[in-house]
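Just so it is clear, none of the values below were taken in a lab; they were calculated from the coordinates. What you see is a predicted model; the values in this text were computed from it and never measured. Here the Cβ positions follow ideal geometry from the backbone for every residue, glycine too, while neighbour counts run over all protein chains shown.
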């Protein structure tokens, strides 16, 4: 039997009928066609399915859709600007060559959104810890960290400039 | 060169950061059925019968097929071009589902259901009755006298292939070498090292699982969309597995989330094809879980290397020997080729004055199947060679870097067995550069006499690696280019993008070869065997070299065709073509050209007088500019006088190969009581020819180094010797490096133009993973004096070794 759940997905209010045992990963991919949400392990080990739930990065494969009732979900599909332009985080990933096979990329970008959303300045080692829930087999994390460092720095500077 | 050598942004980056790049599972149609493989719960035996009653009762189950239903066709799975010589053909040793079980987790049945949960539930309820045999998990057990052969129809015992090779005299033996050495140099002037160096079975851990979906189209063609590195080979093997014609199979390969060699094997596509055929062609998806991927797809071979080495006390390497034993698991896959490759590089890497003897055995066991993984036997070869080298240098009392410079393969090296040569040689320059960057000489001295529980050390390892598989196997690649009316082009490669950046570097090459700008090249990323020209795929670090040459040649042909048409337009500028929309432009251009070259109105303009520079047709030499290629492109399509769709398709049958090389230097801190190794600094220096895209090249090296760190410090599949069952089949217990495990990675290149590469380039994709583990091992040796002969060097192994040496 399907149950009704309400949530905001990438800014759009949704009413959905889902299986109550369904993971948010499956709902986003199979019912809403948000295929940026990737499945790599289904048990919360790899981080490829990371999305934001009320601004917090979670592994959507181990998050039941029913728990999202009334919450706001964001995936990379929701990051682009009104004219299709890339967000600064996405731009940093492109320009720093942080993308290879691209399978871990959407999840990492969502964690990056959470991290820069704090407005705090993190150093490279702190960033290593903050993204350690994301496995990447292609890059050795070097250029992902370059992109993260750059974006954290940019946002921190902007926030501070606004305050002064 | 123009765009080749520049740090162009990846052509697929935009799609990948927006989630719009589609991978296999992202393209599935609605109402697809779900397949689920039923795996054996024994490692060795025979399926006697099934009880499907409970499984069939699960709501949503459509059908269950078993090993008794599949075609009686044994097929190969290795991602090799099919050899037309029977003795070189890949071993056909499995069926789509196997009644004869050879590994724990063998594929014995499959469920098709309307949803994933039903499929998984039913799969668990399938009951198999077995005739069970003793699992033969280790090489030792499999080679024991009287051991049950796992494939009696193919091999009388469990040895898949045994190969013997030598460097020096063809009948060279290490014992004979030692005898000569004693005679020549005197026993008192020799050092001898004898040791077993061991490597683990590891898992590729591409982030995207092996996934495919299949249906039968309106023409009866079995169409499979799959996450594979080798679409054309998957097509052939699927045809072999089903016993049907190759034209009846179509493989589509969209973006893939990594492969690293696991997807250079035909994994589950034949089963997926069989499943859709079993339900009247309805689409069926088959996604292999992470646990299944680790246990039941492929692994890197665990190879044991029994090594001997002899050198003079003044540091001249005299002779070496390797006895390699590769655990191939239950099926041959690539196996026979990999251990031989391992042996080859072991003997090539150093110049033994008297000779080198290598003996390789690749053995069937009832344990997970080993196949291709990044660098194809060479990480193991390098572990053996580079542990041995440091152990010899230590015994002599010589600096291991000096010892390597004195004895490593030199400029002009040609492998006498297969003719593969260094057409460009940068190995020694790499070593010198790495030595300088890590501050080798200072640190070797500074770390010489340490005491206390935490110690520092520096270590190094070198390597060489071929570029492609010629002459061992066929090297062929095809490319098609199609000119659009606006003067842009579609680039259609048979070669595949698997995350390494192939689409981007081929786009750069296409721009370079045609004279069009990078933004005018539209690479078709998806391979579809119905429309894509043939290429064997992404493996052997071959694509930029073999397929890149095809791309270059194809671009040159397209350019000639554009110019030939441009010449035609210019010659008829005053007459027929004046009617076209660009008549005025062409007439003026013809005038400028005739004036510049002093040609009369009657003189013929030929294609040789013309060139394309940054989208402009120009007079050879660059000036004057005549008109945009778009003028030619549009006219050629719509001309009422001579309509010609300008395209080119070229096959590059590559009959060349060249060695790439390089090294890794590391500086480590070893915390002996904790058994922890902190890599403080690490640098890889690569001799990979001219880089097509330095930024992407750097990314390749960093990823490989990270994989090497895992190989050295944390990754190992644990297989229970009693049951053949994998004990750590998930990403929590199987440890690949996280961002916290990888230090900052330093990368340098010695860029020397290789005359055989399309743009001076040679292999780069796989090499970075090779030298890291032995470099760490040698740094630990320097720090502590302890010889870690088994990788990965985990805390458990390290503390045990330090205890044994009374260091803690």
Sort B:241-248, B:668-675 for me by packing, meaning the mean count of neighbouring Cβ atoms within 10 Å per residue, highest on top. B:668-675, B:241-248
Which values of log₁₀ I(q)/I(0), to two decimal places, follow from the Debye formula for the stretch A:88-163 at q = 0.16 Å⁻¹ with a uniform point scatterer at every Cα? -0.50
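Using the per-residue mean of other Cβ atoms lying within 10 Å as a proxy for protection, in what order, highest first, do the peptides B:170-177, B:89-96 fall?
On the way: B:170-177: 16.8, B:89-96: 20.9.
Listed from highest to lowest mean packing, they are B:89-96, B:170-177.
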Take every Cα pair under 8 Å in the stretch B:476-653 that's 6+ residues apart, average their separations, divide by the length, and report that relative contact order as a whole percent. 31
With bins of 20 Å, the percent of all Cα-Cα pairs of the protein assembly as shown per bin from 0 is 13, 43, 34, 10, 1
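If each residue's Cβ is checked for other Cβ atoms within 10 Å, how do B:333, B:806, B:226 rank with the fewest at the top? Write down the numbers at each step before the final one.
On the way: B:333 31, B:806 6, B:226 27.
Final ranking by Cβ density, sparse to dense: B:806, B:226, B:333.
For the stretch B:476-653, what is the convex hull (Cα atoms) projected area averaged across all directions, in square nanometres?
Numbers: hull surface 41.0 nm².
For the Cα atoms of the stretch B:476-653, the hull's average projected area reads 10.2 nm².
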Computed helical MRE - 222 nm, chain B, DSSP H runs ≥ 4 contributing -39500 (n - 2.57), nearest 500: -8500 deg cm²/dmol
Using a cut-off of under 17 Å, list every residue of the stretch B:275-310 whose amide N is near the label point 7 Å from the Cα of residue B:733 along the Cα-to-beta-carbon line. B:289-297
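Which of B:41, B:791 has the fewest other C-beta atoms within 10 Å, and how do the rest follow up to the most? Numbers along the way, then the final one.
Working: B:41 15, B:791 26.
Going from least to most buried by this count: B:41, B:791.
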What 222 nm value per residue comes from the helices of chain A, counting each DSSP H run with n ≥ 4 as -39,500 (n - 2.57) and dividing by all residues, nearest 500 deg cm²/dmol? -9500 deg cm²/dmol
Listed with the fewest Cβ neighbours within 10 Å leading, B:488, A:111, B:163 appear as B:163, B:488, A:111
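Let me have the relative contact order for chain A, percent, based on Cα pairs under 8 Å that are six or more residues apart.
Details: 276 pairs, mean separation 37.0, N = 164.
It rounds to 23 percent for chain A.
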With each label point set 7 Å from Cα along the Cα-Cβ vector, what nm distance links residue A:125 and residue A:17? 5.5
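Assuming 0.36 nm per residue, please report the length gained on full extension of the stretch residue B:27 to residue B:175 beyond their Cα-Cα distance. Present the calculation step by step, with values, prior to reporting the outcome.
On the way: separation 148, 0.36 × 148 = 53.28 nm, distance 6.04 nm.
So the extension gain works out to 47.2 nm.
Provide a whole-number value for the mean count of partner chain Cβ atoms within 10 Å of the Cβ atoms in peptide A:84-92. Write out the running numbers ahead of the final one.
Numbers: counts 1, 0, 4, 2, 0, 1, 6, 3, 1.
Mean partner shielding for this stretch: 2.
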With each pseudo-label sitting 7 Å past Cα toward Cβ, what's the residue B:625-residue B:448 distance in nm, one decimal? 6.5
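So if R0 is 41 Å, what FRET efficiency would residue B:399 and residue B:795 give, r being the distance between their Cβ atoms, rounded to the nearest 0.05? Mind showing how you got there, number by number?
Values: r = 29 Å, r/R0 = 0.72.
That pair, residue B:399 with residue B:795, gives E of 0.90.
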Value of relative contact order over the stretch A:88-163, rounded to a whole percent, pairs C-alpha under 8 Å and six or more apart: 49
Looking only at other chains, what is the average number of their beta-carbon atoms within 10 angstrom of each beta-carbon in A:127-134? 3
Give the separation of the Cα centroids, the stretch A:88-158 to the stretch B:495-543, in Å. 28
For the residue pair residue B:676 and residue B:187, what label-to-label distance in nm results when each label sits 7 Å from Cα along the Cα-to-beta-carbon direction? 4.9
Between the stretch B:27-58 and the stretch B:201-268, how many Å separate their Cα centres? 20
Shielding of A:101-112 by partner chains, average beta-carbon count, 10 Å: 6
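Sort B:340-348, B:429-437, B:449-457, B:258-266 by the packing proxy (mean of other Cβ within 10 Å over each peptide's residues), most packed first.
Working: B:340-348: 25.6, B:429-437: 19.8, B:449-457: 13.2, B:258-266: 28.0.
Packing proxy ranking, top to bottom: B:258-266, B:340-348, B:429-437, B:449-457.
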